[in-house]
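Below you'll find the structure, written out as structure tokens, and then a few comments.
The values are calculated or read from the model by the stated rules, or taken from the named source; none is laboratory data. Computed from a prediction, not measured in an experiment: that's the story for all the values here. Counting neighbours? That spans all protein chains shown, and the Cβs are built from the backbone with ideal geometry, glycine included.
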Amino acid sequence: MCLAGHGILHVGPVGSNLGTTLFKIANADLATSFAAGDTEGDRFFGQGACRFGLSEDWTGDLTNGLLTLGNRARHLHGLDNHECGLLTVMRCYDPADRGHILRLFEQAATEPSRFCYSTTIVSASNQRQPVFCIGESTGFEGSRGKMVGLFIFPRFQLPTAATVTPT
């Protein structure tokens, strides 16, 4: 699995060497979890929640450009609808990361690729929620194409003036 450091992203053709992966650690209090106690009923990390974070699948249809998010991802991205365009999803992301993420999706939309990125969701109340995204684009036969992926939301929020430094 490739979890890139904050704002660092990587994309490459399916099966390519993903190269160096960077991680950054945020010193945050897990007691300030945005969804404390939300693990009830969830058994597997890929199906919802674990001690360290929530995860949720997403899909993308390259024929119409729509992404489909689940309830948790929709809520954490501050969206009203499950289906939306990439630019709508990215509005809540740290502005410094938006261009990189857009280029990442543009490249993945042109050839089968696996990709990942991390950024921060900045809410209306100026809270900062880290988010990791892992995805894959496939199915380019004819004029079709799709993306599938996973959002991972760590169970903490960063202070509004957070700085994250490598260790």
Given (1) free of Cβ contacts under 8 Å to residues at least 40 places away in the same chain; (2) surrounded by 14 or more Cβ atoms within 10 Å (Cβ to Cβ); (3) under 14 Å from the mean Cα position of the chain (by Cα), number of the condition Cys84 does not satisfy: (3)
Which count do you get for residues in region 101-122 that are surrounded by fewer than 16 Cβ atoms within 10 Å (Cβ to Cβ) and of a type outside the set (A, V, I, L, M, F, W, C)? 6
What number of residues within region 47-81 are of a type in the set (S, T, N, Q), surrounded by fewer than 18 Cβ atoms within 10 Å (Cβ to Cβ) and either under 12 Å from the mean Cα position of the chain (by Cα) or at pLDDT 95 or above (or both)? 2
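Per-residue answers, yes or no, for (1) touching a Gly at 6+ places or on another chain (Cβ under 6 Å); (2) of a type outside the set (Lys, Arg); (3) modelled with pLDDT of 50 or more; (4) under 19 Å from Gly135 (Cα atoms):
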residue	(1), (2), (3), (4)
Cys2	no, yes, no, yes
Val14	no, yes, no, yes
Leu22	yes, yes, no, yes
Ile25	no, yes, no, no
Thr32	no, yes, no, no
Asp38	no, yes, no, no
Phe105	no, yes, yes, yes
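For every residue, the table says whether it meets (1) at pLDDT 90 or above; (2) more than 22 Å from Thr68 (Cβ to Cβ); (3) of a type in the set (Gly, Ala, Ser).
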| site | (1), (2), (3) |
| --- | --- |
| Thr110 | no, no, no |
| Tyr117 | yes, no, no |
| Thr120 | yes, yes, no |
| Gln127 | no, yes, no |
| Phe151 | yes, no, no |
| Leu158 | no, yes, no |
| Thr167 | no, yes, no |
